[in-house]
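This report refers to the structure that appears directly beneath it.
The values are calculated or read from the model by the stated rules, or taken from the named source; none is laboratory data. The shown structure was predicted, so the numbers you read here are calculated from the model rather than taken from an experiment. We place every Cβ from the backbone using ideal geometry, glycine too, and count neighbours over all the protein chains shown.
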Amino acid sequence: MSETHIPLPERLRPRDLAEIIGQDHLLGTGAPLRQMIDQGHLPSIIFWGPPGVGKTTIALLLAQAVDRPFISLSALNTGVKELREVIAESGDLLTPVVFIDEIHRFNKSQQDALLGAVEKGKITLIGATTENPSFEVNSALLSRCQVYTLHALDVDAIQSLLTRAIQKDNILAKRQVFIDEYDAFFQFSAGDARKALNLLDLVASTFEPDQENHIDNALVVKVAQQNIARYDKSGEQHYDLISAFIKSIRGSDPDAALYWMARMLKGGEDPVFIARRMLIAASEDIGNSNPNALLLAGECFRTVQVLGMPEARIVLGQCAVYLATSAKSNSTYLAINKALELADKTSNLAVPLHLRNAPTKLMKQQGYGVDYLYPHDYSEHFVEQEYLPPELKGTQLYTPARNKREVEAERLQQRRWQQMQQQQQQQ
């Protein structure tokens, strides 16, 4: 393949750990991975970090540094059968490093297939994930791996990366590329080295060779806006599509919700991410108008993790339609936000004596728990009693929405307020 057809990130892929930019906390002098490699030791590892920060490259270079075979797999197209074949073949190799990209997409049975091989030392596993491994990797496998967080590149690291590119890449050198401003590169790449290099390659492709070509922010913005990808699961459209999806559910439009979900799935979005967002919507936008929505969304989240794609699309679709066609209420969402705001301002207020716990005789003598009225001893299991500090008496945080499920809550609220008003009038 001609060098001009090889993407810039691939042309500049580091050949040595010393060439990695932006992960000094792991690879710098005295850093954990550097110390392990210096000692010739490589444990099983989970790399957690955003896209384009070098997870795959670092895994490959770590394997090379300890002179181990390197086997690269993707969770998108590797099943249990393929995993077992790789593990079986590894017996003929010097403990290979098996790299699994997007390991969070493996379901439980796939992760379990790795567990025995990691335990017995048949393979050294390096997994890469953009999701929190505490939630996405099963605990047994996670406990046998070291977890290291990789960071998005900061402004200085992006500048160093691009400067090295124009100094070392032959094609850019022929085009005599000079970068005068770096802000736009950082804005559009969002700390993703691959994006930054692809954007530089794109801008440089507009230049003629054999003449000085300077890049400023305005040029980067112009080229970037003309070439925005159809869908980028780590970029702006990622947030636009999930926003459209959630707003369609909130607006009770199942057709639009399914459409935006399909757009995300076609674009490569992680189905677990979609399921997680529906969990939030079930509580924030539906809440107590239909508590079953949260139960269904929770089950959807767990089932998607077990099934994986393509079957997960069915469960996601079912949940999306249920949420979109459900009654809506954000009353509890508003109430907890008000409560948190009030708690910030009044954290110094003491718990009233009648509400305090009184496990000892001394506490009872001091009035803890005295005059507390036990609601179950009264008609309809309700008795007028103040549960807030005296300074907040009469504060209302929760306002029930007008739906069938919250009518009972509203009735209790009204009864409570009527009794409080009567009590105030008597005083």
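Among the numbered conditions (1) surrounded by 14 or more Cβ atoms within 10 Å (Cβ to Cβ); (2) aliphatic (A, V, I, L, M); (3) touching a Phe, Trp or Tyr at 6+ places or on another chain (Cβ under 7 Å); (4) free of Cβ contacts under 8 Å to residues at least 60 places away in the same chain, the only one that Ile126 does not meet is (4).
Any chance you could count how many residues in the range 19-51 are closer than 15 Å to Thr149 by Cβ and touching a Lys or Arg at 6+ places or on another chain (Cβ under 8 Å)? So the answer is 6.
This table checks each residue for (1) aliphatic (A, V, I, L, M); (2) within 17 Å of Asn330 (Cβ to Cβ); (3) under 16 Å from the mean Cα position of the chain (by Cα); (4) not assigned by TED's automatic domain parsing to the domain that holds Asn132.
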{"position": "Ile249", "(1), (2), (3), (4)": "yes, yes, no, yes"}
{"position": "Arg263", "(1), (2), (3), (4)": "no, no, no, yes"}
{"position": "Phe273", "(1), (2), (3), (4)": "no, no, yes, yes"}
{"position": "Met278", "(1), (2), (3), (4)": "yes, yes, yes, yes"}
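When His104 is tested against the conditions (1) within 20 Å of Ala193 (Cα to Cα); (2) assigned to a helix (DSSP H, G or I); (3) of a type outside the set (Gly, Ala, Ser), the lone failure is (1). Within the option set Pro50, Pro96, being surrounded by fewer than 17 Cβ atoms within 10 Å (Cβ to Cβ) and in contact with a Ser or Thr (Cβ under 7 Å, 6 or more places away or on another chain) holds for one residue only, Pro50. Give just the number: which of (1) part of a helix (DSSP H, G or I); (2) within 30 Å of Gly116 (Cα to Cα) does Arg144 not satisfy? Here Arg144 clears every test but (1).
In the set (1) surrounded by 15 or more Cβ atoms within 10 Å (Cβ to Cβ); (2) among the charged types (D, E, K, R); (3) within 30 Å of Pro271 (Cα to Cα), Asp154 fails one condition alone, (1).
Restricted to the range 80-96, and to residues there that are assigned to a helix (DSSP H, G or I) and either among the aromatic types (Phe, Trp, Tyr) or closer than 19 Å to Ile45 by Cα (or both), the residue that is modelled with the lowest pLDDT is Ser90. Taken together, the residues in the range 369-403 that are free of Cβ contacts under 8 Å to residues at least 40 places away in the same chain and outside any loop (DSSP other than H, G, I, E, B) amount to 7.
Is it the case, given these coordinates, that Gln187 is outside the structural domain of Val315 (by TED's automatic domain parsing), over 30 Å from Ile314 (Cα atoms) and modelled with pLDDT of 85 or more? Criteria met by Gln187. Surrounded by 13 or more Cβ atoms within 10 Å (Cβ to Cβ) and either more than 20 Å from Leu125 (Cα to Cα) or not charged (D, E, K, R) (or both), is that true of Pro7? Judged against the criteria, Pro7 is not a match. Of the numbered criteria (1) crowded, with 18+ Cβ neighbours inside 10 Å; (2) modelled with pLDDT of 90 or more, the one Asp67 fails is (1).
If you take the residues in the range 129-141 that are in contact (Cβ under 8 Å) with a residue 60 or more places away in the chain and buried (at least 16 other Cβ atoms within 10 Å of the Cβ), which one is nearest to the chain's Cα centre (by Cα)? It comes out as Glu131. Taken together, the residues in the range 11-49 that are part of a strand (DSSP E or B) and out of contact with any helix residue (DSSP H, G or I) (no Cβ under 7 Å at 6 or more places or on another chain) amount to 1.
Of all the criteria given as (1) touching a strand residue (DSSP E or B) at 6+ places or on another chain (Cβ under 9 Å); (2) at pLDDT 90 or above; (3) of a type in the set (A, V, I, L, M, F, W, C), the one not satisfied by Ala157 is (1).
Condition test on Gly121, is it buried (at least 19 other Cβ atoms within 10 Å of the Cβ), part of a loop (DSSP other than H, G, I, E, B) and at positive phi? Considered against the rule, which asks whether it is buried (at least 19 other Cβ atoms within 10 Å of the Cβ), part of a loop (DSSP other than H, G, I, E, B) and at positive phi, Gly121 comes out as no.
A quick yes/no check of all residues on (1) in a helix (DSSP H, G or I); (2) over 19 Å from Asp192 (Cβ atoms):
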site: Pro51; (1), (2): no, no
site: Leu60; (1), (2): yes, no
site: Thr78; (1), (2): no, yes
site: Val98; (1), (2): no, yes
